[in-house]
1. Hey, among the residues in segment 205-218 that are open to solvent by less than 60 Å² (accessible area, probe 1.4 Å) and either on the phi < 0 side of the Ramachandran plot or aliphatic (A, V, I, L, M) (or both), which one's nearest to the chain's Cα centre (by Cα)?
2. Taking residue 122 as the residue in question, decide whether it is assigned to a strand (DSSP E or B) and of a type in the set (Val, Ile, Thr).
3. Out of segment 157-204, which residues are closer than 19 Å to residue 113 by Cα, hydrophobic (A, V, I, L, M, F, W, C) and surrounded by 14 or more Cβ atoms within 10 Å (Cβ to Cβ)?
4. Among the residues of segment 65-82, are any basic (Lys, Arg), in contact with a strand residue (DSSP E or B) (Cβ under 9 Å, 6 or more places away or on another chain) and farther than 25 Å from residue 218 by Cβ?
5. When you scan segment 252-277, how many residues do you find that are in a helix (DSSP H, G or I), surrounded by 15 or more Cβ atoms within 10 Å (Cβ to Cβ) and charged (D, E, K, R)?
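The values are calculated or read from the model by the stated rules, or taken from the named source; none is laboratory data. These figures come from a predicted structure and were not determined experimentally. Here the Cβ positions follow ideal geometry from the backbone for every residue, glycine too, while neighbour counts run over all protein chains shown. Side chains included, ligands, DNA and RNA excluded: accessible areas come from the protein's heavy atoms. Shrake-Rupley method; radii C 1.70, N 1.55, O 1.52, S 1.80 Å.
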Amino acid sequence: FQATYYPRIASELSGEVGDIDKWEKGQAYHKRLTEQSHDIADKLESQGIEAYDHNQDLVLVGLHSRQHKVVPNFRNINFIPSVARKNRNRQSKELSYYLQTAPNCRMWTISTGTRCNSRELTGRVKKLHRQVSKINSMPFMRKLGCSFVYRATEFGEVSPDGDDLSFHPHCHALMHLDKFIPKNEWANLLSRIQAYFGAYSQDNGRVRNPRELVKYCVKPSDLEHLSAEQTATLYHASKGLRLCESLQGFRKLRGRIRSERMKVIMRKGTLKLVPSWSQAQTVEESI
């Protein structure tokens, strides 16, 4: 499969000229992100937390240039920037592809209330996740054909607070509408959703850029000012939390992509679903 499909991809892309300024800007950003990631990982390691997968030893080699690059071996820790970027790239493409087939969607911001400390973070986030998952079964949602199909949780601005940390946990969610909703019914729906969550929630309108939904759970710049002890506190407070989740129709789409061993790619400004030559012989990952 790989021997036949990869050459076809190469022939399709052969001769295309990239924007060198954009490439150099991307390389500078990638370098900075990698430096931040190693800084965070080293802080965790100094506190006895394994931040590197020492069983991984991968190197990328250019077939023609003969240049090589060692692939960073970070463990899958959500707030390490390089890990977050890798995870969000696939999600962002798949979400953009979903929006091509389901354009009648709106973006929401859902909060958990006032700021909290590290001891309260896990409970706050888990409660929010349960609420988002269960709201789709509520009668007022089903009646109007509304459902949340994706949510991505963020910790807000993370800042030191004495010996602890201060968080503002919230999520960005994608709501799919099956049909047009009249103005008076829409106003009633907003009130019902606000009452259901019991904290600030807001309809942010149609999605202009899917990447607005798939952001870092913590801004890398916020982590630069944390000590090793505070970084370890963040790790223990967020460990085990499923910060991104697909629901309803989007979950079904992602499941089909995995089961059929496909992937979403951008070709000449258009997103397409194509066979994944690099994963055709690997074990499917869970979603």
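1. This residue is 214.
2. Numbers: assigned to a strand (DSSP E or B): no; of a type in the set (Val, Ile, Thr): yes.
When the stated conditions are applied, residue 122 does not pass them.
3. 158, 165, 167, 171, 173, 193, 197, 199
4. Filtering segment 65-82 down to residues basic (Lys, Arg) leaves 66, 69, 75.
Then drop every residue that is not in contact with a strand residue (DSSP E or B) (Cβ under 9 Å, 6 or more places away or on another chain), which leaves 69, 75.
Retained after the next criterion (residues that are farther than 25 Å from residue 218 by Cβ): 69.
For segment 65-82, residues basic (Lys, Arg), in contact with a strand residue (DSSP E or B) (Cβ under 9 Å, 6 or more places away or on another chain) and farther than 25 Å from residue 218 by Cβ: present.
5. Looking only at that region, the number is 2.
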